[in-house]
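A short worksheet on the structure shown next.
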């Protein structure tokens, strides 16, 4: 990826979508990505992941974030920056975004986690810039509408 985000006069949900699609399309081993709000709502997802599974993943991410924050509090470790779960056939990587949202990524077992983490940092930076209050409201409204249909 040559740039973490494209220039835009004003941010829109399309910018967030563009970032996720580009990330999943260009980062080897990345299968799915979801943007999860600080309250556990799936705000955006990469193509190929249906709404139900994306919502389930968002709920898992929210729960894991709570566990990570509890550990950080118990041992005075500070804010959670990243969560990594290694499984036999894949990985779950969760990265903090500036507004309290999370970028969650499912990878293959063979994905180079250094490359994935580096590209996730770039996407998180781009999403952080694109996720204005207006864009966040629009994404959450769209997510709520999808859940109610």
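Coordinate-derived values only; no laboratory data. All values derive from a computational prediction rather than experimental measurement. Reconstructed Cβ throughout: ideal geometry from the backbone, glycine too, with neighbour counts over all protein chains shown.
Which order results if 129, 32 are arranged by neighbouring Cβ count within 10 Å, fewest first?
On the way: 129 15, 32 20.
In order of increasing Cβ crowding within 10 Å: 129, 32.
Taking every pair of Cα atoms in region 89-128, average 1/r, invert it to obtain the Kirkwood radius, and report Rg/Rh to two decimals. Each step should come with its number before you reach the end.
Working: Rg = 10.3 Å, Rh = 10.4 Å.
Rg/Rh for region 89-128 comes to 0.99.
Estimate the FRET efficiency between residue 87 and residue 144 by the formula 1/(1 + (r/R0)^6), using the beta-carbon distance for r and 35 Å for R0, to the nearest 0.05.
Details: r = 31 Å, r/R0 = 0.88.
Once rounded, the FRET efficiency stands at 0.70.
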**OP:** Mind jotting down the three principal axis lengths of region 13-147 based on Cα atoms? Whole angstrom, largest first.
**Re:** 37, 33, 27
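Given contacts defined as C-alpha pairs under 8 Å and at least six residues apart, what's the relative contact order of region 13-147, whole-number percent? Show your work: numbers first, answer last.
Working: 212 pairs, mean separation 41.7, N = 135.
Once divided by the residue count of region 13-147, the mean separation gives 31 percent.
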Subject >> Full-extension gain in nm, residue 50 to residue 134, via 0.36 nm per residue minus C-alpha separation >> reply: 27.8 nm
Original post:
Using only helices, what value at 222 nm comes out for the chain when you add -39,500 (n - 2.57) per DSSP H run of length 4 or more and divide by the total residues, to the nearest 500 deg cm²/dmol?
Top reply: -16000 deg cm²/dmol
